[in-house]
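Read the structure below first, then the notes.
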Amino acid sequence: MVSVGSKSLPSRRHRTIEEDCLMGERGKSSNNHGERKKGMRRKDHKGSRGFDGDSNKRNQSGGAPNVKPASKKQSEFEHQNQFVRKEIDPETSKYFSEIANLFDSNEVELEERSVICGNALEETRGREYEIATDYIISHVLQTLLEGCELDQLCSFIRNSATVFPAIAMDRSGSHVAESALKSLATHLENPDAYSVIEEALNSICKVIVDNPLDMMCNCYGSHVLRRLLCLCKGVSLDSPELYGAKSSKALAKRLNLKMSQLDDNTLEIPHQGFPDMLKYLLSGLLNCSREDMKYLQVDQYSSLVLQTALRLMLKQDEELLEIIPLILRCNSTNKKLEGFHIETNVAKEILESMKDNSFSHLVEVILEVAPESLYNEMFNKVFKNSLFELSVDRCANFVIQALISHARDQEQMGMMWEELAPRFKDLLEQGKSGVVASLIAVSQRLESHEHKCCEALVGAVCSTNESRISIVPRLLFLDYYFGCRDKSTWEWAPGAKMHVMGCLILQGIFKFSSDHIQPYITSLTSMKAEYITETAKDSSGARVIEAFLASNAATKQKRRLIIKLRGHFGELSLHTSGSFTVEKCFDACNLTLREAIATELLDVKVDLSKTKQGPYLLRKLDIDGYASRPDQWKSRQEAKQSTYDDFCSTFGSNKSNFPKNTFVSDTSEDAYQEIEVKNTRKEIDHHPTSGFKRHREEHAKDKDEPFAGEKRAKQKKNKTSEATDKPKLAGSKRPFLSGEMTGKNRHSNKLRI
C-alpha cells in the first residue's frame, strides 16, 4: 500500500488477486465514461474543441492523429509514422480512477496532494502516450501535472519527449500537453527554475524540429505548438492576439479610433522567456522545402502557427527580414541588391494565393509586422496595380485593408488613391466598405488627400444631379441604400439598425478639418429632429453624433444639433451608449442647454442611478448639486467654462483639428474609446454586410470590458519621454536562422496541395 497521511492508495505492482478480479468488472464500466465526475468531463463537440474545429473524425478514446493528407506520398509517410496505441489495462484504469475520486473529495491537503501527484506521474513512465491519450485518464493526468512539483513536472516532460508530438496531435492528449506547458509557465516566476525548465523544453523542441510539418498541420498539434512558442517568447499563453483573434486594438489602430495613446503595438512580456530556444524552434519550423512551404501557407492550422511566430517577432526587424522571405518562399535576400527582393514569378504566386482564406490571414500579419523595406517591396512588386481586383475579393479585401492601414508615406497613399478612389461606388455596392474606411483613416493619419477623400465619398453616395443633403442618412443606412433597386426613391428606414461600417466611415470623416467636411456637417445638422433622436438611440449612430461633437465644427452648428435632442436626454441617459452622447452634448452646449439637460436627468434620477453608467453620469454632471442649489450649480458651470476659455486662449494650438469642448471631459476619453472599440468589434463580427465580417472559426471572441465609469476615477500617469534606440552593431550577430541548425538537413518529406 502507498500511504499518504491518512489516505492510502494501493500500489499497481502489489494488488491482490481479489482486487484484480474486482477491477475486471469495473474496467468495463470505466471505459464507458459513466463514472467520471462532471468537473472532469471534456465537452464532446462535433468535430470541434475550444480553440479550433477539427474536420477529421477521430477515435473518441484517443487513437492516432490524422492529418488531412496533401498527397499519396504524404499519406503514406503519415501511415508509417503513426503510433500504435496500446489499450490501458484495468489495473491502471482503477489506479487513476481512485486518484480522481480522492481529489474530487477535496479531503487531500496540499502537501499530500503533491506527493500523490509525484507518485502517480512516476507510474506513467514508459506509457506516457497511452495514458495521455486516454479520454478518461487524460483528465486525471491534467490534474496531476497542475498539482505536482517542478522536478516531477520536468521529469514527466523529459520522459515523454519522444512521443510529445503524438500526444499533442491527439484530441485528449493535446489537453495534457497544454496543461504541462501552462504548469511550466507558473514556475517561471522563480529565477532558479529557468535552467530546469529550459532543459525540459529543449528535450521537446529537439523532437519537434526533426519533423514539424505534421504537428503544424494538425488541428490540435498546431494549438499546442503556438502555446510552446509563446512560452519560449515569455508572453502570456492566453493572449487572443497570438491565436488569430483580430484584437480591438488592431481595429482601433486601423481606423484611428484611439487618438489618446501612443503606439501600443508591443507585446506584454511578464518574464524573459527563452530566446535561444525560440530561435532554435523557429529555425526548425521554417527549415523545409519551398514545396512544403507552399502547402503550409494555405493550410488552416499551419498558417496560424506562422502568424503566431510573426507576431512574437514584432519589431525585431533583423529576424523578420530572414523569416518573412522564407514564409513567402523568396528563400533569402538577394545579395546583389539592397535589402529584400521579390522575384516576378514569386510575386505572381503570392498574388494568386491571396484569395485563399488561410493565406490571406497570413499576409495580413506579415503586413502588420513587416519592416519598412519589406513592406515597400511587397507594395511595389505584389500589390501595385492590383488593389481594386483584390479589394472586391471575399478574403483578399482584408489584406488590402491591412496594406492601406500600414501605408508608410504620402507617396504610397497617392498611389492607393489613384487605384481605389474612382471605384468607391463599386466598393460600397459590393459590400467592401471596410476598404473605403481604411483609406479614409490613413488619409487622416498621413494628412494626405483629405479633401479628395471626402469629395470622392460624396460622389459615390450621391449622384452629380442630387443634393448632398442626404449624404449622412445614406451612410447611416449604407446597406439599405445600396440594396435599394431604385435609389432615387430611397427614404429613411425607421426602426432599422444602422450600418456599422457606414457609421465608422462617418466617424473617420468627422476627424477631418471642418473645411473639408461642410457637406457632411450640413447634412447631419439638417436632419429632422426625430431622425437625430433615432440616430442617438442607435449604438453605432450615437458614436457618429459624438464624433461630430468632438470635431472642430463651429459651436453654432453643434448646438443646432443638440437642440433637436431636447426632451430626449433623460431617455438617452438610461442607455449605455446614449449616456456618452448626453455627456458629449453637455460638454458642447451653453449654460442654458446644460440646465435643460440637468433638468431632464433630474426627472429620471431614480431610474438612472440603478443603471451601470448612471452614478458616474449623475456625478459628472453634478445633478445632486443642481437639485439642491441650482444657482451655485450655474455659477460652477460658468466658472468651469471661463477657466476653459482662458486655457484655450493661453495654451490653445492651431495645429489641433479636434479640440475638446471642455477640458473637464478629458478624464473619461481614454476609457470611453476603449469601450467604443470593443463594442464596435463585436458589432462588426455580427453584422452581415459590414465589409469586415468574415467567417473565421479559429478566431476567439473578444472578452467584455468593464464599464468606462470604473476606470474614470483613475488618474492619468505622467507621460515619460521616449528613450532613443541604441544603434545595432553591424556584423556582430549571427544570422537568425543559421548556427543553431548546423549539420541538420532540410526535411525530405514533401507536401503537395
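The values are calculated or read from the model by the stated rules, or taken from the named source; none is laboratory data. Computed from a prediction, not measured in an experiment: that's the story for all the values here. Here the Cβ is made from the backbone with ideal geometry for all residues, glycine too, and neighbour counts use every protein chain on show. Note: accessible area is taken over every heavy atom of the protein model, side chains too, but ligands, DNA and RNA are not part of it. Shrake-Rupley method; radii C 1.70, N 1.55, O 1.52, S 1.80 Å.
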Surface accessible to a 1.4 Å probe, residue 312 within the full protein complex, Å²: 0
Which of 134, 646, 104 is most accessible, then next, and so on - probe 1.4 Å: 646, 104, 134
Carbon plus sulfur fraction of accessible area for region 384-428, probe 1.4 Å, in percent: 39
Residues whose placed amide H lies under 5 Å from that of residue 477, excluding near-sequence neighbours: 499
Estimated inter-spin distance, residue 485 and residue 426, nm [label 7 Å along Cα→Cβ]: 2.5
Region 96-142: Rg to Rh, with Rh as the Kirkwood radius over Cα pairs: 0.98
Cα principal axis extents for region 99-194, largest first, Å: 35, 34, 20
Within the accessible area of region 430-505 (1.4 Å probe), percent carbon and sulfur: 48
Fraction of accessible area attributable to carbon and sulfur, region 278-321 (%, probe 1.4 Å): 51
Largest-first principal axis extents of the Cα set of region 392-471 (Å): 36, 29, 16
Calculated FRET value between residue 445 and residue 528, using beta carbons and R₀ = 45 Å, to 0.05: 0.85
Relative frequency of Cα-Cα separations exceeding 18 Å in region 391-549, percent: 56
Heavy-atom accessible area per residue - region 142-206, 1.4 Å, Å²: 35
Accessible surface, region 456-544, averaged per residue in Å² (probe 1.4 Å): 36
Spin-label model distance (nm) - residue 497 vs residue 465, 7 Å beyond Cα toward Cβ: 3.7
FRET E, pair residue 314, residue 291, Förster distance 22 Å, beta-carbon r, rounded to 0.05: 0.15
